[in-house]
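Asker: One structure coming up, written as C-alpha cells, with questions to follow.
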Amino acid sequence: MMIAGIIAVCVVLAVLAFFLPRLSKHPERGTQKTLGLGSRAGGKAPGPLGRLFSKPFRSSSKAVGKSGSAGRRLRGHMPF
C-alpha cells in the first residue's frame, strides 16, 4: 500500500512541477519532511534493524525529489 502511495505522490508532483514549477516546491518539501520523519523514527531501532526500517523512507524521499526535479527540468526544455 505504501508503494502505491509513493508512486501516486511522485506522479502528482511530476505533473504539478511541469505545470506549476514554482508552486510544486512546497508540496515536495512537505512530502520529503514527512518521509524524513519516518526515516528518523525507523532509524531508532537497534543495530541493523534501524537501517532496514529507515531505508524505504530514504529511497521514497529520493524518488519524490527526482520526480519533482524531472518535471521542472522537462518544463525547461519545452519551447513554450
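Asker: With the requirement that a residue be touching a Ser or Thr at 6+ places or on another chain (Cβ under 6 Å) and either open to solvent by 40 Å² or more (accessible area, probe 1.4 Å) or aliphatic (A, V, I, L, M) (or both), what does the stretch 44-80 give you?
Answerer: Listed by number, the residues that qualify are PHE57, ARG58, VAL64.
Asker: Here's another thing I want to ask about it. Starting from the stretch 22-38, take each residue that is closer than 11 Å to SER61 by Cβ and list its partners that are open to solvent by 100 Å² or more (accessible area, probe 1.4 Å), counting only C-beta distances under 8 angstrom and pairs at least six apart or across chains.
Answerer: LEU35/ARG58
Asker: Quickly run through the stretch 43-71 and pick out the residues that are among the basic types (Lys, Arg) and within 8 Å of the chain's Cα centre (by Cα).
Answerer: Within the stretch 43-71, LYS62, LYS66 qualify.
Asker: Then there is this: Considering only residues that are crowded, with 16+ Cβ neighbours inside 10 Å and under 24 Å from MET78 (Cβ atoms), which ones fall in the stretch 26-43?
Answerer: PRO27, GLU28
The values are calculated or read from the model by the stated rules, or taken from the named source; none is laboratory data. In this text, all values refer to a predicted model and were calculated from it rather than measured experimentally. In this analysis, Cβ positions are derived from the backbone assuming ideal geometry, glycine residues included, and neighbour counts consider all displayed protein chains. Calculation scope for accessible area: heavy atoms of the full protein, side chains included, ligands and nucleic acids excluded. Shrake-Rupley method; radii C 1.70, N 1.55, O 1.52, S 1.80 Å.
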